[in-house]
Every structure is written in C-alpha cells, then in structure tokens.
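Everything below concerns the one structure shown next.
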Amino acid sequence: MLKPAVILSVVFLAQAGLFYGFSRGEAAPSHRAFDSFPSQLGNWKLAQQGVIEDQIKGVLRADDYISRVYEDSSRRVADLFVAYFNSQRSGQSPHSPKNCLPGSGWVWSVSDEISIDIPGRATPIRVNRYIVSKGDAKDVVLYWYQSRDRVVASEYKATAYVVADALRYNRTDTSLVRVTVPVQNNQEEAATANAVEFVKTMFATLRSYLPV
C-alpha cells in the first residue's frame with residue numbers, strides 16, 4: 001500500500017504538471033468514433049447494445065463511450081465498456097471501478113493485477129482484476145487505463161503519465177477500458193479466463209480507435 005506522503009506527492013505533481021500543461025493550451029488528438037465499433041470480434045458477436053442514462057453521462061463526462069454485451073457460440077458473455085476522454089483540462093477524468101462499483105452496492109472479494117499476452121504485442125499488458133458480488137450475482141471485472149498505446153493498471157501511475165504527456169506532448173487524452181464477465185457456479189478462474197480471452201480478441205480493434 002502506498003504511503004500517504006507518496007500519494008500526496010503524486011497529487012501535487014499532477015496538479016503542478018496539469019496547471020502548466022493547461023496554461024499552454026492543449027493539442028487534443030482525434031479518435032475514431034465508437035459508433036462504428038464492430039458488432040463482431042472474432043467469435044464474439046454483439047448481443048446487446050448498452051444504454052447509459054443521461055444522469056450517468058453527466059457524471060461521467062466522457063467525450064465518447066461504448067457499452068455493449070458480446071456473446072460467443074458457447075453462450076459465454078462479456079460486457080465491454082470504454083470511456084474516452086479527449087482532454088482532462090476541465091476536470092474530466094475516468095472514474096475508477098474501485099470507487100464506482102462499491103458505490104453501486106457491489107462488494108469486492110479480490111483486487112489484484114494480472115498479465116495478458118496480446119497477439120502481435122511484444123510484451124504482455126498488465127490490468128486490474130476485481131471480483132465483486134451483489135446479492136446472488138458475482139462478476140470478474142478487468143480494467144485499465146489506456147493512452148498513447150500505453151496500458152496502465154495503477155491509478156497513480158496513470159495520473160503520473162497524464163502529467164508527463166501534458167508537459168511533453170501538450171495532451172491529456174485517456175481512456176478507461178473495462179471488461180465484465182459473470183461468474184457461474186462460483187468458478188472465478190473460469191470467468192477470468194473468459195474475460196482474458198475476450199480482451200485478447202478485442203484489443204487490437206480497440207487500439208485502432210484510440211489516438212497514438
């Protein structure tokens with residue numbers, strides 16, 4: 001666990017870096033709109049188009065988002081949610097699932113990180129795994145922050161990279177990527193494997209929609 005002094009240092013550094021970066025104006029990049037995101041990803045097909053309520057959109061304040069449920073031929077399902085932020089100049093920033101899910105009544109039992117080997121990528125990506133339950137429902141949630149082809153699990157590292165990008169590239173765009181898979185018969189590892197397989201299948205496509 002990070003010490004309070006370290007957390008405060010990261011916060012102060014972020015504030016200073018973002019203030020300096022924003023004072024210069026920002027070169028906000030363009031991205032491909034998620035409206036054209038494919039309805040089929042390998043063996044996974046679109047099963048349901050998610051709808052985000054206006055109230056949630058107002059809190060989220062993302063510039064673009066995708067919320068969909070995909071299903072494969074074996075009837076496995078995976079919920080994909082991506083929130084894209086073109087700029088964090090006006091306080092827009094991703095909301096960590098570690099804060100949002102408990103606020104919605106979900107209780108966590110596992111919070112760790114796992115590595116995923118992505119086809120065509122030289123090194124594995126490192127993502128958060130969060131296992132949560134609510135009543136009789138239990139889910140495996142994989143999530144990470146992605147910007148400039150960089151995948152980051154840690155919220156603190158993601159903030160530090162935003163500062164670095166603001167100073168070096170004059171941009172603060174980022175995305176929160178979340179994949180949720182239901183746990184059946186309390187088989188948490190099987191659900192994790194399904195989530196990992198879905199991430200491997202969709203990662204390259206998602207990557208093509210985000211700025212370099």
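The values are calculated or read from the model by the stated rules, or taken from the named source; none is laboratory data. Just so it is clear, the structure is predicted and the values come from calculations on it, not from any experiment. A quick note on method: Cβ atoms are made from the backbone with ideal geometry, for glycine too, and the neighbour counts reach across all protein chains shown. Keep in mind that these areas ignore ligands, DNA and RNA; they rest on the heavy atoms of the full protein, side chains included. Shrake-Rupley method; radii C 1.70, N 1.55, O 1.52, S 1.80 Å.
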Practice item. Could you list, in sequence order, all residues of the range 122-165 that are polar (S, T, N, Q), in contact (Cβ under 8 Å) with a residue 60 or more places away in the chain and farther than 25 Å from Trp108 by Cβ? Key: Ser147
Exercise for review: Could you check, for the range 133-145, whether at least one of its residues is in a strand (DSSP E or B), open to solvent by 10 Å² or more (accessible area, probe 1.4 Å) and under 16 Å from Ser93 (Cβ atoms)?
Suggested key: yes
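Being without any contact (Cβ under 8 Å) to a residue 24 or more places away in the chain and in a helix (DSSP H, G or I) is the filter; apply it to the range 166-212 and report the residue that is nearest to Asp117 (Cα to Cα).
Glu197
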Point to revise | Lone unmet requirement of (1) at pLDDT 90 or above; (2) surrounded by 14 or more Cβ atoms within 10 Å (Cβ to Cβ); (3) not charged (D, E, K, R) for Ala166 | key: (1)
Review point. Which one of the conditions (1) open to solvent by 30 Å² or more (accessible area, probe 1.4 Å); (2) within 24 Å of Val77 (Cα to Cα) does Arg148 fail to meet, given that it meets all the rest?
Key: (2)
Check your understanding: Of the numbered conditions (1) open to solvent by less than 40 Å² (accessible area, probe 1.4 Å); (2) out of contact with any helix residue (DSSP H, G or I) (no Cβ under 6 Å at 6 or more places or on another chain); (3) in a loop (DSSP other than H, G, I, E, B), Thr123 satisfies every one except a single condition; which is it?
Key -> (1)
